[in-house]
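Chemist: Okay, handing you the structure first.
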Amino acid sequence: MDVNAILRELTADLKLRLKDKDIEVCLELGLPDCTVYSERNRLMQVIVNLLSNAAKFTEQGKITIGYILRDGMLEFFVQDTGMGIPKDKQSQLFGRFKKLNSVAQGSGLGLFISKTIVERLGGTIQAESEEGVGSVFRFSIPYKVSKTSSAKRKATNPVAVKKDVLSDKPILLVAEDTLPNYKLIEAMLRKEYELVHAKNGLEAVALFKEKHPALVLMDIKMPEMDGIEALKVIRDLSPDFPVIAVTAYAFEENIREIVNNGFNDYLVKPIRCSALKEKLDAILHN
């Protein structure tokens, strides 16, 4: 399993869930690539439990998810700036049916189940908390390196490209936070393509999973999640998927950043119709 891909996906889902709250969601990856042998579903269950608790007890501030490599173990952490846990209740955290907050929803089994899973994976779990400041939950599992790259495994099962069942036109996902800019693209392409509009990077990732477009036009500067971060999540889901960057700047450093982050091509605003159609034809039909 690809640890970085899992954490990017869970981070994107959490950002979407908390988009109406004053909470920043941060991701800290300990290695540029981390493909290991482990139980993917069980590991995700633990992380989701911890993230759900962090979201439940945090009203503002920050939630950070990440991992580091320490002494042959992958040490994951979820840190929040929530209400924290009283000292006299911290020893009960991982007990069966132990709810430390009678108002919050849940059965009180989440942390107990997480502890059981982590121990069966050969690791340990612990928590540190200060009431009124926040909490950090850490758990470790053995770092068993996979010799098969995640990219090779994913390339055998890419996200399928499909056409809109009603119009039979290829679906294009346009990630653009400014409505007039989207309307301009829509006017240029609506006769030949079925367009889906995402207003930020988080929506782009969600609609990519749902609609399976033929190509994505990705604005670089967007709220919630920018185009570069959204590209990383999409690449984790389908490594060879075509994404064209759309930028307001054509300075050398801007273009270098786009190229270095793996976009297939780029367009500079204001977009010219001929240039847009030429790049779409080059990628989709060749």
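Chemist: Considering each of 38, 102 in turn, give the residue that is at pLDDT 85 or above, open to solvent by 20 Å² or more (accessible area, probe 1.4 Å) and of a type in the set (Ser, Thr, Tyr).
Modeler: Every option except 38 fails the conditions.
Chemist: Can you name the condition, by its number, that residue 232 falls short on among (1) in contact with a strand residue (DSSP E or B) (Cβ under 9 Å, 6 or more places away or on another chain); (2) within 14 Å of residue 204 (Cα to Cα); (3) surrounded by 15 or more Cβ atoms within 10 Å (Cβ to Cβ)?
Modeler: (1)
Chemist: Same structure, new question: Counting only residues that are surrounded by 12 or more Cβ atoms within 10 Å (Cβ to Cβ) and in contact (Cβ under 8 Å) with a residue 40 or more places away in the chain, how many does the stretch 267-286 have?
Modeler: Of the residues in that region, 9 qualify.
Chemist: Tell me the residue from 51, 31, 10 that is aliphatic (A, V, I, L, M), in contact (Cβ under 8 Å) with a residue 24 or more places away in the chain, closer than 22 Å to residue 120 by Cα and not in a strand (DSSP E or B), please.
Modeler: 51
Chemist: Could you look through the stretch 65-81, keep only residues that are open to solvent by 10 Å² or more (accessible area, probe 1.4 Å) and free of Cβ contacts under 8 Å to residues at least 60 places away in the same chain, and pick out the one that is farthest from the chain's Cα centre (by Cα)?
Modeler: Per the stated criteria, the residue is 71.
Chemist: In addition: Could you run through the stretch 227-248 and say how many residues are within 19 Å of residue 6 (Cβ to Cβ) and among the small types (Gly, Ala, Ser)?
Modeler: Residues that pass the stated criteria total 2.
Chemist: Same structure again: Anything in the stretch 165-189 that is closer than 18 Å to residue 270 by Cα, of a type outside the set (Gly, Ala, Ser) and open to solvent by 50 Å² or more (accessible area, probe 1.4 Å)? List them, or say none.
Modeler: Matches in the stretch 165-189: 177, 178, 179, 180, 181, 183, 184.
Chemist: Considering only residues that are free of Cβ contacts under 8 Å to residues at least 60 places away in the same chain, in a loop (DSSP other than H, G, I, E, B) and at negative phi, which ones fall in the stretch 194-227?
Modeler: 199, 200, 213, 220, 221, 222, 223, 226, listed by residue number.
Chemist: Consider residue 244 against the criteria (1) more than 17 Å from residue 206 (Cβ to Cβ); (2) of a type in the set (Val, Ile, Thr); (3) in a helix (DSSP H, G or I); (4) modelled with pLDDT of 90 or more: it satisfies all of them except one. Which criterion is unmet?
Modeler: The one condition residue 244 does not meet is (3).
Chemist: Would you be able to tell me the number of residues in the stretch 235-256 that are open to solvent by 60 Å² or more (accessible area, probe 1.4 Å) and under 20 Å from the mean Cα position of the chain (by Cα)?
Modeler: 1
Chemist: Let me ask something additional. Can you say whether residue 188 is at pLDDT 90 or above and within 19 Å of residue 17 (Cα to Cα), as far as the supplied structure shows?
Modeler: It is false that residue 188 is at pLDDT 90 or above and within 19 Å of residue 17 (Cα to Cα).
Chemist: To continue, here is another question. State all residues of the stretch 218-254 that are under 19 Å from residue 270 (Cα atoms) and of a type in the set (Phe, Trp, Tyr); if no residue qualifies, say none.
Modeler: 249, 251
Chemist: In the stretch 117-144, what count of residues is obtained for those that are in a strand (DSSP E or B) and at positive phi?
Modeler: 1
Chemist: With the requirement that a residue be among the β-branched types (Val, Ile, Thr) and more than 22 Å from residue 6 (Cβ to Cβ), what does the stretch 51-96 give you?
Modeler: Answer for the stretch 51-96, where residues must be among the β-branched types (Val, Ile, Thr) and more than 22 Å from residue 6 (Cβ to Cβ): 81, 85.
The values are calculated or read from the model by the stated rules, or taken from the named source; none is laboratory data. Values in this document were obtained by computation on a predicted structure and should not be read as measured data. All Cβ positions, even for glycine, are placed from backbone atoms using ideal geometry, and neighbour counts span all protein chains on display. Side chains are part of the model used for accessible areas, which takes the heavy atoms of the whole protein and leaves out ligands, DNA and RNA. Shrake-Rupley method; radii C 1.70, N 1.55, O 1.52, S 1.80 Å.
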